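In what follows, a single structure is set out as structure tokens and then discussed.
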């Protein structure tokens, strides 16, 4: 009798374990015993959980589709308005035209950000998995920030620590690093330096991006990677999506991104891409 009960408990336990790991658990044979009521309740609970999961996935997909639609709907009128304003500016230069163009460019960037968010949320953003050389990655990101850095007289210094590779998507990883570097440039003092260095161990590849600014506000650190969040000391005309995007991209590549203040001042972004 005890052996029979133990076997029955093991069957139910194995069923729940299969459900918990996301497998397709086969329905157990109905038996009339003291565990019958428990088995029925387990089935009801699992069925409800599956339905809740499907509803949540559908809601997530609908949300992503709505964001994508909004982005596409915004793109056409914004582009048309920008062209009209550029022509107006050529015919009659005006500071008001410049201001309007700046705001429209922000709207255009917002539309592109919404499209990227929708692809991330819906799981349709597909990343390549190829070997990436970290030194090359950081230099490509820095090259794309030549003009913002030059305008503020900020130097991007990349320490060459030899060839260190990780599996990932070069274009999106570069976009992520670029966003982190851009944040450091915006918060650097005139003639400051943004420092980039990297290392590798058997567990992960680490990239550090640091600046010489005043660091993160203590309250901002809790929300720094939240979408559309702009901290108290936010600079530039960003829309608050760059840091969130960077975090999402590296998380999709089995990585993490964290932010902290340096002991001697300045901010530091720490990227870790794990091997397994």
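The values are calculated or read from the model by the stated rules, or taken from the named source; none is laboratory data. From a predicted model like this one, the values you see are computed outputs, not experimental measurements. No Cβ is skipped: glycine too gets one built from the backbone with ideal geometry, and neighbour counts run over all protein chains shown.
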Considering (1) loosely packed, with under 14 Cβ neighbours inside 10 Å; (2) in a helix (DSSP H, G or I); (3) modelled with pLDDT under 80, say which one residue 61 fails and leave the rest. (1)
Could you grab the pairs with beta carbons closer than 9 Å, sequence gap of 6+ or different chains, first residue in region 1-23 and not assigned by TED's automatic domain parsing to the domain that holds residue 36, second one surrounded by 11 or more Cβ atoms within 10 Å (Cβ to Cβ)? none
Kindly check whether there is at least one residue in region 192-204 that is in contact with a strand residue (DSSP E or B) (Cβ under 7 Å, 6 or more places away or on another chain), within 21 Å of residue 272 (Cβ to Cβ) and not in a strand (DSSP E or B). yes
Could you identify the single residue in 174, 167 that is in contact (Cβ under 8 Å) with a residue 12 or more places away in the chain, under 30 Å from residue 274 (Cβ atoms) and assigned to a helix (DSSP H, G or I)? 174
Residue match in region 213-223 (condition: in contact with a helix residue (DSSP H, G or I) (Cβ under 9 Å, 6 or more places away or on another chain), surrounded by fewer than 17 Cβ atoms within 10 Å (Cβ to Cβ) and outside the structural domain of residue 118 (by TED's automatic domain parsing)): no
Region 113-151, residues that are touching a residue at least 40 places away in the same chain (Cβ under 8 Å), farther than 24 Å from residue 226 by Cα and not in a helix (DSSP H, G or I): 128, 129, 130, 132
Scan 188, 244 and give me the residue that is part of a helix (DSSP H, G or I), touching a residue at least 12 places away in the same chain (Cβ under 8 Å) and out of contact with any helix residue (DSSP H, G or I) (no Cβ under 8 Å at 6 or more places or on another chain). 244
